[in-house]
Amino acid sequence: MKLWRKPLDSDEKKPPQGRVHILIERCKGCGFCITYCPKDVLESSPDFNRRGYHPPVVVHPERCVNCGLCTIICAEFAIWTTPVEEPQPQPQT
Ligand code: SF4
Ligand code: SF4
């Protein structure tokens, strides 16, 4: 996704990161999660699941911003994300 202007605080703030989880056998291969992911995190796998569909595969895990769109759009409840927490600085002793 391209922004038409640079946010004023983009040097200070880091976008959130997400980890993608896929239940391969539940997928019906509609491809919605692949098509509508704003960061092009997913591609269609060349492999088939047991139902004969091509599930998504994560090709750019570092791009996921945990927006949740893939979770919302999947009618099969086959994909979801969890936030990746940044390591907190340890207090000095
Ligand atoms: S959470 Fe958003 S960025 Fe991450 S894979 Fe799903 S749609 Fe793409
Ligand atoms: S939206 Fe769900 S059913 Fe469709 S390809 Fe993605 S994981 Fe599979």
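Each reported figure results from applying straightforward, stated rules to the coordinates on display, with no laboratory input. This structure is a prediction, so every number in the text was calculated from the model and none was measured. Don't worry about glycine lacking a Cβ; one is built from the backbone with ideal geometry, like all the others, and counts go over all protein chains shown.
Observations on the model:
- Computed [θ] at 222 nm, deg cm²/dmol, the chain (DSSP H ≥ 4; -39,500 (n - 2.57); rounded to nearest 500): -2000 deg cm²/dmol
- DSSP loop GluC sites (Glu not before Pro) with at most 16 other Cβ within 10 Å excluded, longest remaining stretch of the chain: 13-75
- Cα-based shape type of segment 1-43, given that a ≥ b ≥ c are square roots of the gyration tensor eigenvalues and the cut on a/c is 1.5: oblate
- Long-range lysine pairs (8 or more apart or interchain), segment 1-86, Cα under 20 Å: 7
- Among the cysteines of the chain, 27, 30, 37, 64, 67, 74 have no other cysteine beta carbon within less than 4.7 Å of their own.
- Alpha-carbon gyration tensor eigenvalues x 5, square-rooted, for segment 12-93, Å: 29, 13, 11
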